[in-house]
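Here the structure comes first, spelled out in structure tokens, and everything after it is commentary.
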Ligand SMILES: [Zn+2]
Ligand SMILES: [Zn+2]
């Protein structure tokens, strides 16, 4: 079918022109969704440490220019042909899980999180650092009315990651659960762990964050710069779970001896360096190390509803889209308290 475009409707986009290059603010034509897709008028998008994969080209197969962003909150403003389960005007989010094929062996087992052909927003296709984005319906999570876009955005990666990792960790109410790192992930991990009814230990470096950690729900604070955190955990009886959020393999390695019997190091902080552990450390006490990546949009909805119910919220610094480079630098500096969110 021939179409005549009378007027081009531009939108602002923060794109990475090539791996390692600086962000560019450019204008593009607002794209149209096809079958199986919706167009989202983006209202807010979190800036996540994993956006470095797009910025630096550390993920294989990214096509440039690419728009990062996998903590997207907005409103559906157009639906593609045949889309009936999502409506114009509906508030939705997109997280790390940017779509699955529904046909691979993992999908046929219902394990969409581990789809062989999983798509990732901001990596496989343009993400939320822009005024409008196209998303496949498999990637959509509904946002409850009581959460604002800025509140919802960081819950769609940092939130779901810590919430989902903890709820699948096997820890039960009353168990000793440590959260290593009080940053973008950790400050949410402490809140979820507290609301799950765990005996929460926050592990940070230095004394400055102790008061904040307790305010967020930690029962105990361990300063790993001043004490041996593994020994301190053993004095408390040994951790059932340590949620390792700071991307430091060295710090994680040092905590393994703080696990109690059947204890589990749950790894969500992404470092490329190896974790060091001896077989004996794992054999004695039947300890395990497990990694965890985010979750499906259905898990995102659980995260949002739980946060709505219990008051868990990220602490947020906002930047306008035009200042994406500044926002990204702020996230990288590690000084943001604690999640950086772009507003459109
Ligand atoms: Zn992320
Ligand atoms: Zn699949």
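Every number in this text was worked out from the coordinates using simple rules, so none of it is lab data. In this text, all values refer to a predicted model and were calculated from it rather than measured experimentally. For neighbour counting, all protein chains shown are included, and Cβ atoms are generated from backbone atoms with ideal geometry for every residue, glycine included.
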Handout entry: GNM flexibility winner over the chain from 287, 39, 66 (Cα, springs under 10 Å)
Key = 287
Practice task
Give the peptides 175-183, 189-197 in descending order of average Cβ contacts within 10 Å, highest first.
Solution key: 175-183, 189-197
Fill in the blank from the handout: Per GNM of the chain with C-alpha springs under 10 angstrom, the most fluctuating residue out of 236, 265, 140 is 236
Completion exercise
Relative contact order in percent for segment 18-120 (Cα pairs under 8 Å, 6+ apart) equals 25 percent
Problem - the chain: translational diffusion in µm²/s, Stokes-Einstein, Kirkwood Rh over Cα pairs, 10 °C, 1.306 mPa s - result: 77 µm²/s
Completion exercise
Ranked from fewest to most other Cβ atoms within 10 Å of their own Cβ, 157, 48, 104, 115 fall in the order 104, 115, 48, 157
Completion exercise
Mean Cβ-within-10 Å packing, highest first, puts peptides 310-320, 252-262 in the order 252-262, 310-320
Exercise for the section: Please work out the C-alpha center-to-center distance from segment 138-215 to segment 270-288 and express it in whole Å. Expected result: 23 Å
Completion exercise
Quick calc, residue 335 & residue 284: beta-carbon distance into FRET formula, R0 30 Å, rounding 0.05, result 0.15
Completion exercise
Expected sort for 106, 337, 151 with the fewest Cβ neighbours (10 Å cutoff) up front is 337, 106, 151
Practice task
Select from 187, 97, 168 the residue whose mean-square fluctuation is largest in a Gaussian network model of the chain (Cα-Cα springs shorter than 10 Å).
Solution key: 168
Problem - Where labels lie 7 Å past Cα in the beta-carbon direction, separation of residue 29 and residue 105 in nm - result: 4.3 nm
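Place the peptides 201-207, 25-31, 82-88 in order of packing, highest mean first, counting for every residue the other Cβ atoms within 10 Å and averaging per peptide.
Taking the mean over residues of other Cβ atoms within 10 Å, the ranking is 201-207, 25-31, 82-88.
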Problem - Taking the chain and dividing mean pair separation by its residue count, relative contact order in percent (alpha carbons under 8 Å, at least six apart) - result: 18 percent
Completion exercise
DSSP beta bridges in the chain: the antiparallel percent, rounded to 5, is 55 percent
Handout entry: Spacing of the two label points (7 Å from each Cα toward its C-beta) at residue 214 and residue 114, in nm
Key = 4.2 nm
Fill in the blank from the handout: Everything considered on the Cα gyration tensor (a ≥ b ≥ c; rounded for a/c under 1.5, else prolate if a/b is larger than b/c, else oblate), segment 41-172 must be described as rounded
Fill in the blank from the handout: Computed over segment 169-291, the relative contact order (Cα-Cα under 8 Å, seq sep at least six) in percent reads 23 percent
